[in-house]
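Asks: Input: one structure, supplied below.
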Amino acid sequence: QVQLVESGGGLVQPGGSLRLSCAASGSISRFYAMAWYRQAPGKPRELVASITSGGSTNYAASVKDRFTISRDNAKNTVYLQMNSLKPDDTAVYYCRYSDQRSAYWGQGTQVTVSS
């Protein structure tokens, strides 16, 4: 089992920034990928960004050049730096861990972009 604890969500004005963190603990594989997803009310969950164990990253077109995903392998933690936030970024953000055998989700953290 792998446990994921997310933090860093909140209310921010348009144009502002937030940094999300997701710490993994438990039976963590040597090689694993981490990702951030989000789900807005009435919409399906969508991939925001992902990062492999080797550090390769992938972003949704809607967040590219505004969001940055990174990881600290020593702390088993993944981060999502979100800049130039827009109201359309409002959603619950979920962290996901995956290795060759399984995948786990965090509980989600609310991000609200509003003036």
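The values are calculated or read from the model by the stated rules, or taken from the named source; none is laboratory data. Remember, it's a predicted structure, so these values are computed and weren't measured experimentally. As a convention, Cβ positions derive from the backbone with ideal geometry for all residues, glycine included, and neighbour counts pool all protein chains shown. Heavy atoms of the whole protein, side chains included, go into the accessibility calculation; ligands, DNA and RNA do not. Shrake-Rupley method; radii C 1.70, N 1.55, O 1.52, S 1.80 Å.
Asks: Between Val63, Asn73, Thr90, whose Cα lies farthest towards the positive end of the dipole of region 52-115 when Lys and Arg beta carbons carry +1 and Asp and Glu beta carbons carry -1, centred on the Cα centre?
Replies: My answer, from the dipole projection, is Asn73.
Asks: Put a dot 7 Å past each Cα toward the Cβ at Ala40 and Gln1; how far apart are the dots in nm?
Replies: Reported label-point gap for Gln1 and Ala40 is 3.5 nm.
Asks: Here is a follow-up. Identify all lysines with a Cα-Cα distance to Lys64 below 23 Å; exclude those on the same chain that are fewer than 8 residues away in sequence.
Replies: In chain and number order, the partners are Lys43, Lys86.
Asks: Under unit Cβ charges (Lys, Arg +1; Asp, Glu -1), what dipole magnitude, rounded to 20 debye, does the chain have relative to its Cα centre?
Replies: 120 debye
Asks: Here's a follow-up. Would you kindly calculate the translational diffusion coefficient of region 66-115, applying Stokes-Einstein with the Kirkwood radius from alpha carbon pairs, for 10 °C and a viscosity of 1.306 mPa s, and quote it in µm² s⁻¹ without decimals?
Replies: Answer from the Stokes-Einstein relation: 126 µm²/s.
Asks: On to the next question. What FRET efficiency comes out for the pair Ala103/Gln13, r = Cβ-Cβ distance, R0 = 35 Å, nearest 0.05?
Replies: Step by step, r from the Cβ atoms, then E = 0.55.
Asks: Tell me the per residue accessible area of region 1-50 using a 1.4 Å probe; a whole number in Å² is fine.
Replies: So region 1-50 comes to 55 Å² accessible per residue, rounded to a whole number.
Asks: How charged is the neighbourhood of Leu47? Take every other residue with its Cβ under 10 Å from the Cβ of Leu47, and add Lys/Arg as +1 and Asp/Glu as -1.
Replies: Net charge in that neighbourhood comes out at +2.
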